[in-house]
Amino acid sequence: MTDPAPDAAAPRRSSRWSRRSRSPRGLVGGAPEATYVLRFDGRELTAQAGQSIAAVLWNAGVLTWRTTREGAAPRGVFCGIGVCHDCLVTVNDRPNQRACLVPARPGDTVTTQKGTGHAELAV
């Protein structure tokens, strides 16, 4: 009788993110995460605790939420790490907030940002 290969006798370790171990947000099949509502351009969207505003918008199927100053070209998330500034939104009347970095909070009011996000001065 031959001895099994050394690796065959060792117990298998599951990956940190495997389906049977832990997910990045907690136990698979565990308690549901807290959800709440925020408003985007008058529309109620459901958010989960810990999501960025960009994640909430993507989850709702919204892919663009800003227009450029020149040409009004649509923009959404490009880099996803706060470097490019393509994902700017107005949150609770504060313009130029990066949706990929700002955590969504219960009751937030998020609006599409047009141009610079500041009121145009009459000349």
Hey, any hits in segment 42-49 for a residue that's under 19 Å from H118 (Cα atoms), surrounded by fewer than 19 Cβ atoms within 10 Å (Cβ to Cβ) and over 14 Å from the mean Cα position of the chain (by Cα)? no
Do any strands (runs of 3 or more DSSP E) entirely within segment 49-123 hold 1 or more residues that are more than 17 Å from T35 (Cα to Cα), modelled with pLDDT under 90 and of a type in the set (D, E, K, R), and if so, which? 109-114
Is it the case that some residue within segment 56-72 is free of Cβ contacts under 8 Å to residues at least 24 places away in the same chain, of a type in the set (K, R) and on the phi < 0 side of the Ramachandran plot? no
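The values are calculated or read from the model by the stated rules, or taken from the named source; none is laboratory data. Just so we're clear, the structure is a prediction, and the values are computed from it rather than from any experiment. Methodologically, a virtual Cβ is constructed for each residue, glycine included, from the backbone with ideal geometry; neighbour enumeration extends over all protein chains shown.
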